[in-house]
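Take a look at the structure set out below.
The values are calculated or read from the model by the stated rules, or taken from the named source; none is laboratory data. Here the structure is a predicted model, which means the values were calculated and not measured. Cβ sites come from the backbone with ideal geometry, for glycine too, and all protein chains shown count toward neighbours. Heavy atoms of the whole protein, side chains included, go into the accessibility calculation; ligands, DNA and RNA do not. Shrake-Rupley method; radii C 1.70, N 1.55, O 1.52, S 1.80 Å.
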Amino acid sequence: MSDPAPHQDSTAALQGVLATLSYLLTRSRAHERHASQAGITVGRSDLYLLMALEDSGGVSRVGDLAAQLMVEPPHVTRQISQLVAQDLVERTPDEMDRRARRVAITPHGKAVLESFKAARLAGLRQALGDFDDAELATTKAVLDRLVVHVRDMNTEEPRPRRRGA
């Protein structure tokens, strides 16, 4: 039996590194450390929602946020209620559909998000300080492609709900 092609070995090695990195970055301890450095007390999932909202231009519909976060809309609705209570987001009328509401990040929400991102960025700059801009650009391009692939693979048409299920 012949050895796998070098590219396949590199891909397998990258998969292992990504799995470990994903695990480490999503641990509560990592979030708590960055939040402490930023001087904030916002939960991890709340920050992901704020980041998704920021990626959407600061205003979005609940359904669009749920699709972006790959969760069910009722989960996002409950989370938004908690964020409204913390003055991190606000509900606004949808000008195109009076029955619908949009969610907008508040100035306080933007400040909290910026503080957290600055703390994470400082740590990342420290870890990657030995790499030049070209190496970082190549790494970003590879990771961007992976993000698009994973999103595409996990974006499926909603299944109709069965009655009584």
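Just a few scattered comments:
- The Rg/Rh ratio of segment 94-143, with both radii computed over alpha carbons and Rh defined as the Kirkwood radius, is 1.27.
- Inverting the pair-averaged 1/r between distinct Cα atoms of the chain gives 18.6 Å as its Kirkwood hydrodynamic radius.
- Put MET96, MET51, MET153, MET70 in order of accessible area, highest first, and with a 1.4 Å probe you get MET96, MET153, MET70, MET51.
- Here the 3J(HN,Hα) profile of segment 12-19, calculated from phi with Karplus coefficients 6.51, -1.76 and 1.60 at θ = phi - 60°, is 5, 5, 5, 4, x, 5, 5, 5 Hz, Gly and Pro shown as x.
- The value obtained for segment 24-72, namely the Cα convex hull volume divided by the number of residues, is 88 Å³ per residue.
- Residues in the chain average 76 Å² of solvent-accessible surface per residue, probe 1.4 Å, ligands and nucleic acids excluded.
- Cut-off 15 Å between beta-carbons: net charge of the residues surrounding ALA118, Lys and Arg +1, Asp and Glu -1: +3
- Nonlocal amide H pairs with ARG102, under 5 Å, H built at 1.01 Å: THR92, ASP94
- A DSSP coil position with no more than 13 other Cβ atoms inside 10 Å describes the following trypsin sites (Lys or Arg not before Pro) in segment 92-125: ARG98, ARG99.
- Surface accessible to a 1.4 Å probe, ARG33 within the full protein complex, Å²: 130 Å²
- Solvent-accessible area, 1.4 Å probe, carbon plus sulfur percent, for segment 28-163: 53 percent
- Placing unit charges on the Cβ atoms only, positive for Lys and Arg and negative for Asp and Glu, gives the chain a dipole magnitude near 920 debye about its Cα centre.
- Accessible surface ranking for THR139, THR41, 1.4 angstrom probe, highest first: THR41, THR139.
- Segment 45-64 and segment 93-152: distance between their alpha carbon centers, rounded to Å: 10 Å
- Average silhouette area of segment 37-131, convex hull of alpha-carbon atoms, in square nanometres: 7.0 nm²
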